[in-house]
Amino acid sequence: MIKVAITGNIGSGKTMVCRIFETLFIPVFYADKEAKDLYDNPKVKEKVIMAFGDDVYNKNGKINKAVLASIVFSEKSALKKINEIIHPALFNKYNNWLKKHQNSIYTIHEAAVLFENHFENYFDFIIYVYAPQKLRLERVIKRDNISKEEVLKRMNHQWADDIKSKMSDFVIVNDEKSFLIPQVLKIHQNLLIKKERNE
Amino acid sequence: MNVERLKRRKDHIIFLICLFMAALSWLLIKLSDDYSVTYPLKIEYSDLPENKILKTVNDSVLNVSFKSDGYNLLDLYLYRKLRFLKINLSKVKMVKIRDGKYEIFTRNLAKLLSRQLNVNESDISFSVPKLQFQVENLYSKVIPVKAKLNLTFKSQFALYKSIITPSKVRVFAPKNVLDSLKYVYTKLITLNELGKDEKIKVGLLSPGKEIIRIKPNNVNIVLEVRKYTEFSFKVPVNVSKVKPQIRTFPSSVTVYFNMFLEDYKNLSPKDFKVVPDVKNINLGKVNMLNLKVVKHPANVSNIRLDPVSVEFIILN
């Protein structure tokens with residue numbers, strides 16, 4: 001089975017691209033959402049508290065995203081530490097998900113940070129969703145209701161668009177000028193051909 | 001020489017004083033005489049019964065002749081400017097001739113005029129024995145009042161509510177006119193830079209002053225001014241009525257709107273309905289569909305969508 005990853009910098013519109021693929025009956029693993037859910041997993045929770053203290057969880061036992069983000073985005077070692085806790089559990093979850101969808105034509109793994117974590121070799125094809133930084137900035141401010149400075153801080157932890165584009169097999173431009181669906185359909189057709197050739 | 005000239009000047013002065021005294025004596029004697037005069041008076045009717053209106057007047061000018069001494073006539077001429085004869089119809093006996101046509105006997109006006117002219121009633125005579133006019137019956141109904149407003153507001157303020165008291169007034173008018181009236185409007189209220197409530201007493205606009213009466217003819221208006229702010233909801237794009245079936249990307253959009261803080265707590269995304277505009281659109285030939293808001297609460301304004309159009313896939 002072909003394993004495809006969709007990545008793109010914050011606010012690029014990865015999720016919308018994935019929704020279009022889902023309409024074509026392609027299963028999508030939303031890694032960022034799954035990772036967030038993992039913080040409720042007792043084993044993960046224990047490790048996170050061991051590493052960062054009780055404050056990263058609310059009184060009701062839910063992860064305090066603001067506190068965690070402030071730790072992770074201010075210290076590089078903290079980011080490494082959290083990745084070491086989350087990534088193995090996430091891959092475990094992904095592998096189980098793959099087994100469930102082994103009869104699909106291909107599967108998609110959506111993640112904001114892929115190249116930065118050196119996961120590119122795990123996938124057969126990588127689709128990069130590109131949007132100009134100004135547009136991404138506007139989208140995230142509106143979507144997450146956070147300040148421009150906060151968004152820029154998050155953007156600085158991601159690699160530049162041109163590097164990621166070059167490392168990808170397909171690029172989807174989501175600049176609100178180019179149509180998305182024709183680009184997705186073209187990639188879908190390409191992947192179908194590649195699947196046929198492999199068989 | 002000088003003594004001669006002074007004597008002649010003194011004679012002149014004495015002559016002039018005597019002449020003035022003689023003229024004054026003549027004037028006083030003449031003013032105490034009685035004179036017969038005729039005045040053309042323009043007739044003005046007033047105080048018709050509430051349900052009647054003057055339609056046509058047959059006699060608009062009445063010649064009044066009377067006898068009076070010169071002093072009274074001089075007073076009338078100089079100070080009282082006798083031009084109009086105001087007839088209060090609530091105080092004069094009106095005689096009905098036939099449907100809508102009435103007359104009043106001019107002899108009944110003699111008493112009124114005798115006071116006005118300061119002459120004896122018996123010394124007054126009129127050019128015609130009676131005055132005729134036509135009245136029209138008025139009908140009435142209660143009609144709502146609408147305020148005519150020309151308001152500007154301070155930034156982020158708007159009119160929340162206007163309360164008119166009384167909200168309805170009784171209008172008297174001929175039947176055909178009354179049937180065409182749906183509202184009575186206030187005079188234009190112009191207020192600038194409003195940032196708080198205002199209370200105003202304002203007159204009502206009569207669509208035809210001659211034939212329409214409004215009671216009361218002014219109302220009180222309270223203008224409630226409130227602060228509004230921009231809110232937004234994520235609302236799904238409703239494609240249930242679109243054939244063939246489609247799916248839009250994104251499947252939900254943000255609806256931005258202005259609203260008063262007071263009203264916001266009762267609102268939810270379900271109060272809005274956003275649909276793609278597929279009228280006269282061949283779905284096979286376009287890549288995007290424009291969106292429109294087909295349902296929204298009445299008390300929101302400045303509605304806008306983000307995005308304003310969506311891509312779509314036709315589902316097989």
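The range A:35-100: D in µm²/s via Stokes-Einstein (Kirkwood Rh, Cα pairs, 4 °C, 1.567 mPa s)? Here the translational diffusion coefficient equals 105 µm²/s. Dipole magnitude for chain B: computed about the Cα centre from +1 point charges on Lys and Arg Cβ and -1 point charges on Asp and Glu Cβ, it is near 500 debye. Per residue, the accessible area of the protein assembly as shown comes to 61 Å², computed with a 1.4 Å probe over protein heavy atoms only. Of the listed residues A:Met155, A:Met50, the order by accessible area with a 1.4 Å probe, largest first, is A:Met50, A:Met155.
Selection among A:Pro132, B:Val128, B:Ile211 by position relative to the dipole of the protein assembly as shown gives B:Val128 as farthest towards the positive end (Cβ unit charges, Cα centre). A Cβ-based charge dipole, computed about the Cα centre of chain A with Lys and Arg at +1 and Asp and Glu at -1, lands at about 200 debye. When nucleic acids and ligands are ignored and a 1.4 Å probe is applied, A:Met16 ends up with an accessible area of around 50 Å². Considering only A:Ala89, A:Ala131, A:Ala51, the mean-square fluctuation computed in a Gaussian network model of chain A, springs between alpha carbons under 10 angstrom, is largest for A:Ala51. Among beta bridges identified by DSSP and lying wholly in the protein assembly as shown, the antiparallel ones come to about 70 percent. Residues of the range B:241-259 losing 10 Å² or more of accessible surface, assembly versus chain alone, probe 1.4 Å, please list them. Relative to the lone chain, where solvent access is computed with a 1.4 Å probe, the range B:241-259 loses at least 10 Å² at B:Arg247, B:Phe249, B:Pro250, B:Tyr256.
Each of B:Ile303, B:His12, B:Ile164 was scored by the projection of its Cα onto the charge dipole of the protein assembly as shown, and the greatest displacement toward the positive side belongs to B:His12; charges sit on the C-beta of Lys, Arg, Asp and Glu. For chain B, a Gaussian network of Cα nodes joined below 10 Å ranks B:Leu151, B:Leu48, B:Leu76 by mean-square fluctuation, and the top entry is B:Leu76. As a length-normalised measure over Cα pairs under 8 Å and 6 or more apart, the relative contact order of the range A:1-113 settles at 55 percent.
Farthest toward the positive end of the dipole of the range A:35-100, out of A:Ile86, A:Ser70, A:Asn96, is the Cα of A:Asn96, where the dipole comes from beta carbon charges about the Cα centre.
The stretch between B:Lys292 and B:Asn88, if pulled fully straight at 0.36 nm per residue, gains 67.0 nm over its current Cα-Cα span. Summing both sides, the accessible surface hidden between B and A at a 1.4 Å probe radius is close to 900 Å².
Per atom type, the range A:35-100 shows carbon and sulfur on 54% of its accessible surface, probed at 1.4 Å.
Distance between the pseudo-spin-label points of B:Gln245 and B:Lys279 (7 Å out from Cα toward the beta carbon): 2.7 nm. Cross-link partners of B:Lys30 among lysines, defined as those whose alpha carbon lies under 22 angstrom from its own and excluding same-chain residues fewer than eight positions apart: B:Lys67, B:Lys81. Using the Cβ of B:Val202 as centre and a radius below 14 Å, the other residues enclosed give a net charge of +4, where K and R count +1 and D and E count -1. Among B:Gly195, B:Gly100, B:Gly284, which one shows the highest mean-square fluctuation when chain B is modelled as a Gaussian network with alpha-carbon springs under 10 Å? The residue with the greatest mean-square fluctuation here is B:Gly284. Its relative contact order, with pairs defined as Cα atoms under 8 Å and 6+ residues apart, puts the range B:150-225 at 47 percent.
With both residues required to sit in chain A, DSSP beta bridges show an antiparallel share near 5%. Among the GluC sites (Glu not before Pro) within the range A:11-99, those in coil by DSSP and having at most 12 neighbouring Cβ atoms inside 10 Å are A:Glu75.
Rolling a 1.4 Å probe over the protein heavy atoms of the range B:103-184, with every protein chain left in place, gives an accessible area that is 46 percent carbon and sulfur. These residues, A:Ile20, A:Ile10, B:Ile14, go from largest to smallest accessible area, 1.4 Å probe, as B:Ile14, A:Ile10, A:Ile20.
Using C-alpha pairs below 8 Å separated by at least 6 residues, the relative contact order for the range A:35-100 is 33 percent.
The residues B:Thr254, A:Thr7, sorted by heavy-atom accessible surface at 1.4 Å with ligands and nucleic acids left out, run B:Thr254, A:Thr7 from largest to smallest.
Backbone phi angles across the range A:184-199, fed through the Karplus curve with coefficients 6.51, -1.76 and 1.60 (θ = phi - 60°), yield HN-Hα couplings of 5, 4, 5, 5, 4, 4, 4, 5, 5, 4, 4, 5, 4, 4, 5, 6 Hz in residue order; Gly and Pro are listed as x.
A loss of 40 Å² or more of accessible area (1.4 Å probe, protein heavy atoms, ligands and nucleic acids excluded) relative to the isolated chain is seen in these residues of the range A:154-199: A:Phe179, A:Ile181. Of the chymotrypsin sites (Phe, Trp or Tyr not before Pro) found in the range B:148-195, those that fall in a DSSP loop while having at most 12 other beta-carbon atoms within 10 Å are B:Tyr183. When only the Cβ of Lys, Arg, Asp and Glu is charged (+1, +1, -1, -1), the dipole of the range A:35-100 relative to its Cα centre reaches about 280 debye. Counted without the sites themselves, the longest stretch of chain B free of trypsin sites (Lys or Arg not before Pro) in a DSSP loop having at most 15 other beta carbon atoms within 10 Å is B:1-80.
What the Kirkwood sum gives for the protein assembly as shown is a hydrodynamic radius of 33.3 Å, with every pair of different alpha carbons counted. With the helix formula -39500 (n - 2.57) applied to DSSP H stretches of n ≥ 4, chain A reaches a computed 222 nm mean residue ellipticity of -17000 deg cm²/dmol. Computed per residue of chain B from DSSP H runs no shorter than four, each worth -39500 (n - 2.57), the mean residue ellipticity at 222 nm is -5000 deg cm²/dmol. Which GluC sites (Glu not before Pro) does the range B:1-109 hold that lie in a coil by DSSP with at most 14 other beta carbons within 10 Å? Sites meeting the loop and neighbour criteria: B:Glu50.
The values are calculated or read from the model by the stated rules, or taken from the named source; none is laboratory data. Owing to the predicted nature of the structure, the values given are computational and were not obtained by experimental measurement. A quick note on method: Cβ atoms are made from the backbone with ideal geometry, for glycine too, and the neighbour counts reach across all protein chains shown. These area figures cover heavy atoms from the full protein model, side chains too; ligands, DNA and RNA do not enter into them. Shrake-Rupley method; radii C 1.70, N 1.55, O 1.52, S 1.80 Å.
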